[in-house]
Amino acid sequence: MKLFQLVIAILTIVGSYSCSNDDIENSTSGIHFEYAASTLETTFRNDGSYAPVILDWNGDVGTFSISSPSEILSRGHIVIDENTGVISWESNVPLGEWLLIIEARNSNTTATVEITFSNKFVKGFFVGGFVEDTSDEPDYAAIPNEYVLTLKEGGTFLMENFDNSDLDFEGTWEANGSNLIATKDEETGVEPFKMAGFISVSSQTKIDGKYGTSISSEGEITDLKGIFRFELD
C-alpha cells in the first residue's frame, strides 16, 4: 500500500513539472503588441507616425512587416520600422480609408494586428477656374486662374473672383475620400450650380471636375455645363 502511494506521489510531481514546463514555453513563445486604436485617423497634407502602445516579444525579439490588400503601400507613402513597429506616413498619402495588416514575427511564432488608415480632407485654399467645355476629351490645362476657392472646415466654401466681386458666391461642400461635391447656395431666379470633382494628392494637389445644374445619386453631373480645375495654393 505504501509503495502504491509512493508511485502516485511521484507521478503527481512529474505531471506537475511537465505542466509547469508547458506553461513556460507558451508564455515565452507568444508575442503581444497593440496600437492605441484600430483606426488611425489623419487629415489632408499631414504626415505623422503611430507607435505600438504595448510591445512584448516575451524574450525573443523579432521584426515587424506591413501589408495591405490595396495598392496603397506600393507608392511608398506609408512604411513601418521593422524593429519598433512604428508606422510612418508622408503628407501626400491619398485620401480615403485603407486596411493595413501589421505582422510581428520572431523565431517561434507570428502575431498580426489590423488597422484602418483613414486620411480625410477637412479644408483647403485653392486657385483655379472654369471653362465651358462639354466635349468627351476636355482640356483641363486650358483653364485660367480666375478664382480663389476656400473650402472651410465644417463644410462651407467661398468662391471669389479675382477681378469682379459680383461673381463671388458661397455654398456647401462634402468629401467622400477623394471625391468632392460642392453646391452653390440657392438664389431666387438663378439656376442651381453644382460641382463634382476628384482631389488628387501629389506634388501638386489639385481638384479636377465638372460642373452643371444637377447631380446624380452617384455623384455625377447629369446636366453638364463645363469643367473646372483648382490647384492648392
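When you check ASP136 against the structure, is it at pLDDT below 95, farther than 20 Å from ILE215 by Cβ and not in a strand (DSSP E or B), yes or no? Judged against the criteria, ASP136 is not a match.
Taking region 188-233 as the region of interest, how many residues are of a type in the set (Val, Ile, Thr), without any contact (Cβ under 8 Å) to a residue 12 or more places away in the chain and closer than 15 Å to ALA175 by Cα?
Of the residues in region 188-233, 0 are of a type in the set (Val, Ile, Thr), without any contact (Cβ under 8 Å) to a residue 12 or more places away in the chain and closer than 15 Å to ALA175 by Cα.
Results for (1) surrounded by 15 or more Cβ atoms within 10 Å (Cβ to Cβ); (2) free of Cβ contacts under 8 Å to residues at least 12 places away in the same chain; (3) over 26 Å from VAL122 (Cα atoms); (4) over 11 Å from the mean Cα position of the chain (by Cα), shown as yes or no for each residue.
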site: SER49; (1), (2), (3), (4): no, no, no, yes
site: LEU55; (1), (2), (3), (4): yes, no, yes, yes
site: ASP60; (1), (2), (3), (4): no, no, yes, yes
site: SER67; (1), (2), (3), (4): no, no, yes, yes
site: ILE72; (1), (2), (3), (4): yes, no, no, no
site: ARG75; (1), (2), (3), (4): no, no, no, yes
site: GLY85; (1), (2), (3), (4): yes, no, yes, yes
site: TRP89; (1), (2), (3), (4): yes, no, no, no
site: ALA104; (1), (2), (3), (4): yes, no, yes, yes
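Screening region 147-233 for strands (runs of 3 or more DSSP E) wholly inside it with 3 or more residues that are touching a Ser or Thr at 6+ places or on another chain (Cβ under 8 Å) returns the ranges 156-161, 169-176, 194-200, 206-212, 224-232.
Just to be sure, is ASN119 in contact with a His (Cβ under 8 Å, 6 or more places away or on another chain), within 21 Å of GLU174 (Cα to Cα), surrounded by 13 or more Cβ atoms within 10 Å (Cβ to Cβ) and of a type outside the set (A, V, I, L, M, F, W, C)?
no
The values are calculated or read from the model by the stated rules, or taken from the named source; none is laboratory data. Bear in mind that the values here come from a model prediction, so they are computed numbers and not experimental data. Neighbour counts are summed over all protein chains in view; Cβ atoms, including those assigned to glycine, are modelled from backbone coordinates with ideal geometry.
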